[in-house]
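Quick notes on the structure that follows.
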Amino acid sequence: MSVPLRTSPRRVRFRRADVYRLAEQGWFRGRRVELCAGHLVEIPPQSNHHAASVQLTCDALRRAFGDGFWVRQRSSLDLGPYSVLDPDLAVVPGTPRDSGPHHPTTALLVVEVGDGALRYQQGRKAAIYAAAGIADYWIVILAARTLEVRRRPVPNERRYAECSRFAPADTVSPLAAPHATITVADLLP
Amino acid sequence: MTLTLTPPPAGNDAPTLRPFSTAEYHQMSESGWFDDQRVELIAGEVLVMPVPSGPHCSCVELTAVALRAAFGPASWVRMQMALDCQQPSEPQPDLAIVLGNPRSVTSHPTTAALVVEVSEASLEFDRGRKASLYAAAGIADYWVIDLDGHRVEVYRRPVPNANADFGFSYADRTTFDSADSISPLAAPTASIVVAELLP
């Protein structure tokens, strides 16, 4: 028999519909949960630094994008049948009122604030964002006080072709708001 | 429905897989979530078991016949049925001998006189994580039938072991080849030739 066999059991995969049903039944009350490639991942409570950075980044993105865009905080992106992620921030066109009953399936820019979850955000989450074709994916790295910018997704390889790092004094412009400049220090607590 | 959880970790920790309690696992099973898959609950993770191969199925049956003869009518040879190991884990060993008759066992048993796993590709998992799980559950006699190697590994004497997944491992491991005979701890007068178990 030449077909290599799996050497350890694999975890069951949950689908998006399964997770919405569990959520409605109250299974995740009090816990933040994401569906990451079929696996239910529990996100621990955030530190105050994390919360501060999320708010500072939200304010900076609102200034950068202006009217006609919704800067969503810790809300779901529906990225396929096996992935529903809750990035710290996601910018989508339009306003909350005209967004309809379903979570968006893409975003112009996704920002994660990284502390304890950094490896998860740089690894498995980045792969899912790339596979979904998210063009602009930033990670605010609190401990190192840097901003990582991932661009040029290669969806069928689940990776980004470009990853750059910026120091607090540097400025960055979102791909979808190229006229705006954001100083990295403005995102850090 | 409530969930018994360990206290949540402090902020700044890495994300973890959301663990399922035994109650939640049963609820999902009863709702038909796993209807098209064979699953086990190991330390709060629901794992999918591969569809057993022909040789695997034959081996299970041959072993059942040999164990029924060894243990006699006052025991129940359970095949791929749940074993409640608490914490929460509910594996479905290929074979488990539970003393007494089925009418006296109304919920999933929490122990067994002997557990047997038939291994093809899952050998490392059965020798490692699964062995630790069964040792922690106090299973005194645990056999792993290595189909490709044509032998049986017998694990006995569960002891605490901080390095093992579930805090316990087996102190004794003995390998028996085709021509060798094994006596189950709980049926010491019986003698089972390894070749009888192999397809």
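The values are calculated or read from the model by the stated rules, or taken from the named source; none is laboratory data. What you see is a predicted model, and the numbers here were worked out from it, not measured in a lab. In this analysis, Cβ positions are derived from the backbone assuming ideal geometry, glycine residues included, and neighbour counts consider all displayed protein chains. To get the accessible areas, we keep the full protein, side chains included, count just its heavy atoms, and leave off ligands, DNA and RNA. Shrake-Rupley method; radii C 1.70, N 1.55, O 1.52, S 1.80 Å.
Of all residues in the stretch A:137-158, those that are within 15 Å of A:Gly123 (Cα to Cα), crowded, with 17+ Cβ neighbours inside 10 Å and out of contact with any Phe, Trp or Tyr (no Cβ under 6 Å at 6 or more places or on another chain) total 5.
Just one of the numbered conditions (1) crowded, with 17+ Cβ neighbours inside 10 Å; (2) under 14 Å from the mean Cα position of the chain (by Cα) is not true of A:Pro174: (2). Taking the stretch B:90-103 as the region of interest, how many residues are in a loop (DSSP other than H, G, I, E, B) and either acidic (Asp, Glu) or open to solvent by less than 30 Å² (accessible area, probe 1.4 Å) (or both)? Number satisfying all stated conditions: 4. Only residues that are hydrophobic (A, V, I, L, M, F, W, C) and free of Cβ contacts under 8 Å to residues at least 40 places away in the same chain were counted in the stretch A:70-102, giving 5. Report whether or not B:Ser58 is open to solvent by 30 Å² or more (accessible area, probe 1.4 Å), within 18 Å of B:Val193 (Cα to Cα) and of a type in the set (S, T, N, Q). Considered against the rule, which asks whether it is open to solvent by 30 Å² or more (accessible area, probe 1.4 Å), within 18 Å of B:Val193 (Cα to Cα) and of a type in the set (S, T, N, Q), B:Ser58 comes out as yes. Kindly list the number of the only condition in (1) open to solvent by 40 Å² or more (accessible area, probe 1.4 Å); (2) away from every other protein chain (no Cβ under 13 Å); (3) of a type in the set (D, E, K, R); (4) assigned to a loop (DSSP other than H, G, I, E, B) that fails for B:Arg68. So B:Arg68 meets the others, but not (4). Among residues of the stretch A:138-157 that are acidic (Asp, Glu), those with a beta-carbon under 6 Å from a residue that is open to solvent by 30 Å² or more (accessible area, probe 1.4 Å) at least six positions away or on a different chain give the pairs A:Glu148/A:Arg165. In a residue-by-residue description of the stretch A:127-148, the property of being farther than 22 Å from A:Asp186 by Cβ and within 14 Å of chain B (Cβ to nearest Cβ) applies to at least one position. When A:His49 is tested against (1) closer than 29 Å to A:Val172 by Cα; (2) touching a strand residue (DSSP E or B) at 6+ places or on another chain (Cβ under 6 Å); (3) more than 8 Å from chain B (Cβ to nearest Cβ), just one condition goes unmet, and that condition is (2). Residue selection: B:Leu47 satisfies the criterion of being touching a strand residue (DSSP E or B) at 6+ places or on another chain (Cβ under 6 Å) and either within 10 Å of chain A (Cβ to nearest Cβ) or modelled with pLDDT of 95 or more (or both). Each residue in the stretch B:26-37 was checked for being more than 10 Å from chain A (Cβ to nearest Cβ) and either surrounded by 14 or more Cβ atoms within 10 Å (Cβ to Cβ) or in a strand (DSSP E or B) (or both), and 2 of them qualify.
Which condition breaks for B:Asp148 when tested against (1) away from chain A (no Cβ under 14 Å); (2) over 13 Å from the mean Cα position of the chain (by Cα)? Evaluating B:Asp148 over (1) away from chain A (no Cβ under 14 Å); (2) over 13 Å from the mean Cα position of the chain (by Cα) leaves (1) as the failure.
Just one of B:Arg103, B:Arg129 is of a type in the set (Lys, Arg), at pLDDT 90 or above and more than 19 Å from B:Cys59 (Cα to Cα); which is it?
Numbers: B:Arg103 fails: at pLDDT 90 or above.
That would be B:Arg129, the only listed residue that is of a type in the set (Lys, Arg), at pLDDT 90 or above and more than 19 Å from B:Cys59 (Cα to Cα).
Contact annotation: residue pairs with Cβ atoms under 6 Å, 6 or more positions apart or on different chains, pairing a residue in the stretch B:109-128 that is within 15 Å of B:Ala66 (Cβ to Cβ) and more than 8 Å from chain A (Cβ to nearest Cβ) with a partner that is in a loop (DSSP other than H, G, I, E, B) and among the small types (Gly, Ala, Ser), are B:Ala113/B:Ala186.
When the stretch B:139-198 is filtered for residues that are open to solvent by 60 Å² or more (accessible area, probe 1.4 Å) and among the basic types (Lys, Arg), the ones remaining, listed by number, are B:Arg151, B:Arg157, B:Arg173.
State whether the residues of the stretch B:121-129 include one that is under 13 Å from the mean Cα position of the chain (by Cα), open to solvent by less than 50 Å² (accessible area, probe 1.4 Å), under 29 Å from B:Ala23 (Cβ atoms) and among the basic types (Lys, Arg). If you could, list the steps in order and put the result at the bottom.
Start the filter on the stretch B:121-129 by keeping residues that are under 13 Å from the mean Cα position of the chain (by Cα), which leaves B:122-123, B:125-129.
Still in the running and open to solvent by less than 50 Å² (accessible area, probe 1.4 Å): B:122-123, B:125-126, B:128.
Retained after the next criterion (residues that are under 29 Å from B:Ala23 (Cβ atoms)): B:122, B:125-126, B:128.
Then drop every residue that is not among the basic types (Lys, Arg), which leaves none.
The answer is no; no qualifying residue exists.
A:Gly123 satisfies every condition listed in (1) open to solvent by 30 Å² or more (accessible area, probe 1.4 Å); (2) within 18 Å of A:Ala37 (Cα to Cα); (3) in contact (Cβ under 8 Å) with a residue 24 or more places away in the chain except (3).
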